[in-house]
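Single-structure report; data block below.
The values are calculated or read from the model by the stated rules, or taken from the named source; none is laboratory data. Remember, predicted model here, so these are calculated numbers, not experimental data. Positions of Cβ are backbone-derived with ideal geometry, glycine not excepted, and every protein chain shown enters the neighbour counts. Quick note on the areas: whole protein, heavy atoms, side chains included, nothing else; ligands and nucleic acids left out. Shrake-Rupley method; radii C 1.70, N 1.55, O 1.52, S 1.80 Å.
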Amino acid sequence: MMLHIPGVLTPEQVKYFRQKLAQTDWIDGRASVGQQGAQVKRNRQLAEGSPLAKELGDIVARALTAHPLFFASVLPLRILPPYFNSYAGGEQYGLHIDGAVRTDSRTLQNMRADVSTTVFLSAPEEYEGGELVVMDSYGAHEVKLPAGDAIVYPSSSVHRVMPVTGGERIASFLWSQSMVRDDWKRGMLFELDQNIQKLRAQHGDGDAVVGLTGHYHNLLRMWAEL
């Protein structure tokens, strides 16, 4: 399941992020990938664990967890501290798949990467190319969103970032371990949740809505891993 989540960051937050990131020193983006990823990754990123990465990452994490669409679609159990990257001058990230297990630098706890998230910090008109392309059984899906918006997609997906041939593409990215590891189960729960919300708005909390809500929570109870 891929989902566009609008308005994760406010315009004021995006402006603050851009001001801070314009003054930082980027490092080689290959610092955070394994041997296979390093062969196709050409970009720059904010040093993991730096004071600025922690400050901005905390803002991103709080904004995401407070967004009802992120919680409903991801059902996060753990969220890895967000990273920040930059692409310019033809930089790109070729086809790859995210590692299944990541280590939280704060706690040194290993976590399963179920869902990948990109929060765009550059407006689409600020750069050429740079589309996030996610592959699934239905083909290739190109994503290039307004600044402050996010895309979530399964970490098991093969994906890439196309070459940035003009301007600069700045974004935050992170991984989450979900309470429900299977993407199709998360998708079913999300669809059920969204339809319950529509029924509540139209008809209130009648018997049918209460029954469907109970069905949702019993499925979550059966599938959740805590």
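In segment 39-80, how many residues are assigned to a helix (DSSP H, G or I) and either surrounded by fewer than 20 Cβ atoms within 10 Å (Cβ to Cβ) or of a type outside the set (Val, Ile, Thr) (or both)? Residues flagged as assigned to a helix (DSSP H, G or I) and either surrounded by fewer than 20 Cβ atoms within 10 Å (Cβ to Cβ) or of a type outside the set (Val, Ile, Thr) (or both) within segment 39-80 amount to 21. For segment 136-151, check the following and say yes or no: at least one residue is at pLDDT below 95, closer than 20 Å to GLY37 by Cα and surrounded by 15 or more Cβ atoms within 10 Å (Cβ to Cβ). Within segment 136-151 (the criterion being at pLDDT below 95, closer than 20 Å to GLY37 by Cα and surrounded by 15 or more Cβ atoms within 10 Å (Cβ to Cβ)), the answer is yes, since at least one residue qualifies. Just so you know, in segment 81-97 the residues that are under 16 Å from LEU121 (Cα atoms) and out of contact with any Ser or Thr (no Cβ under 7 Å at 6 or more places or on another chain) include one that is surrounded by the most Cβ atoms within 10 Å (Cβ to Cβ), and it is TYR87.
Using the structure shown, decide if ARG30 is of a type in the set (D, E, K, R), more than 13 Å from ASN85 (Cβ to Cβ) and outside any loop (DSSP other than H, G, I, E, B). Against the criterion (of a type in the set (D, E, K, R), more than 13 Å from ASN85 (Cβ to Cβ) and outside any loop (DSSP other than H, G, I, E, B)), ARG30 does not qualify. When SER122 is tested against (1) part of a loop (DSSP other than H, G, I, E, B); (2) at pLDDT 95 or above; (3) of a type in the set (Ser, Thr, Tyr); (4) open to solvent by 60 Å² or more (accessible area, probe 1.4 Å), only condition (4) is not met. In the condition set (1) within 25 Å of THR24 (Cβ to Cβ); (2) open to solvent by less than 60 Å² (accessible area, probe 1.4 Å), THR103 is compliant with all but (2).
Taking segment 158-180 as the range and being crowded, with 17+ Cβ neighbours inside 10 Å and part of a loop (DSSP other than H, G, I, E, B) as the test, the residues that pass are MET162, PRO163, MET179, VAL180.
Checked against (1) more than 25 Å from GLN36 (Cα to Cα); (2) more than 17 Å from the chain's Cα centre (by Cα); (3) surrounded by fewer than 16 Cβ atoms within 10 Å (Cβ to Cβ), LEU189 passes all but a single condition, namely (3).
Among residues of segment 31-49 that are on the phi > 0 side of the Ramachandran plot, those with a beta-carbon under 7 Å from a residue that is at pLDDT 75 or above and open to solvent by 30 Å² or more (accessible area, probe 1.4 Å) at least six positions away or on a different chain give the pairs GLY49/SER105.
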